[in-house]
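We did not get these values from a lab; they are worked out from the coordinates using the rules stated. All values derive from a computational prediction rather than experimental measurement. Neighbour counts are summed over all protein chains in view; Cβ atoms, including those assigned to glycine, are modelled from backbone coordinates with ideal geometry.
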Amino acid sequence: MTAAVAQPTTAPRPAPARRRRRRTRDLGPTLFIALVLAFLFAPLIVIVVFSFNSTASLAFPITGFSLRWYSKAFDDPEVVAAIGRSAIAALATGVIAGGIGILAALGLQGLPPRIRGAIQSLVLIPIAMPALLLAIGLAIYYNRLGIKPSRLPMAISGHILIALPFVLLTMSAALENFRFSLLEAARDLGASRLRAFWTITFPLILPAVIGAMLLAAAVSIDEFIIAFFNAGNDNTLPLVIYSRIRRVIDPSLNALATFMLLASTLLAVMAARTTANAAARR
């Protein structure tokens, strides 16, 4: 009696009709995501495209490619001064919010989880609060102190309030898996708290600190409402764009908006990559 040899079985291939139904079923979510992305980015794409139009026309079709509107925008002394103020505000916001955020995140790590969660929830209130209320509150506060809203530092203080929750969230996530046993080992070897921080803690979390600062700068560079109520005559770039668009639709405004979009996007991308690298190092 001979033994039967088992033949390998192969899974039946899906029929063409079944494959077509699967493609159709997968096409729905893809099309929906494409429509959402188009809805979100179409206005930005239109601004960028018209910033390179060779004529003053703001209607399709585009007649030609030119950088004349960028040249016109950046030859304006008021625009150059506004860009400088926006850069100063972004730099100050990043440095100050980053410094406060890292100290606050380190302090929160020493608290019990329930208290830490409650404090983090309070810190997130400025994100949920309408920026208009915060701007009006700051204006009233400075007015009660006898300070007129005509200086850039007042707007920077509001930018810090808005950016600080993002910085604290980034730093708290960076410290979530930090090995504090390294600090205990350094203390056992005779290092002071300050030396242990500068030689162990700070170098390990430095990428996250830089990422948080870049994120704070990105939040500051295109902030409008706080500066509108508190900057006074120290106009930042968003205020210059707003004041000019109320008078006339100048094609050079597309160039300024494209420049601001590129600056904030670049800062946000750099912040995301730096934070991701920090997470990979841990």
Checklist outcome for this item: Once the mean of 1/r over all distinct C-alpha pairs in region 52-148 is inverted, the Kirkwood radius in Å reads 18.4 Å
Item to check | Signed unit charges on C-beta, dipole axis of region 76-281, positive-most listed residue VAL219, ILE88, PHE197 | outcome: PHE197
Item to check | Cα→Cβ-extended label distance, 7 Å offset, between GLU184 and LEU44, nm | outcome: 4.5 nm
Checklist entry - Rounded, prolate or oblate: which fits region 84-195, taking a ≥ b ≥ c as square roots of the Cα gyration tensor eigenvalues, rounded meaning a/c under 1.5, else prolate when a/b beats b/c? => result prolate
Checklist outcome for this item: In whole angstrom, the spacing between the Cα centers of region 163-198 and region 103-136 equals 19 Å
Next on the checklist: If I model region 76-281 as equal point scatterers sitting on the Cα atoms and use the Debye formula, what is log10 I(q)/I(0) at q = 0.13 Å⁻¹?
Outcome noted: -0.78
Checklist entry - Highest mean first, what order results for 98-111, 251-264, 214-227 on Cβ atoms within 10 Å? => result 214-227, 251-264, 98-111
Checklist entry - Where the only charges are on Cβ atoms (+1 Lys, Arg; -1 Asp, Glu), what is the dipole of region 69-210 about its Cα centre, to the nearest 20 debye? => result 380 debye
Checklist entry - Counting pairs of alpha carbon atoms under 8 Å apart in space and at least six apart in sequence, what relative contact order in percent does region 76-281 give? => result 34 percent
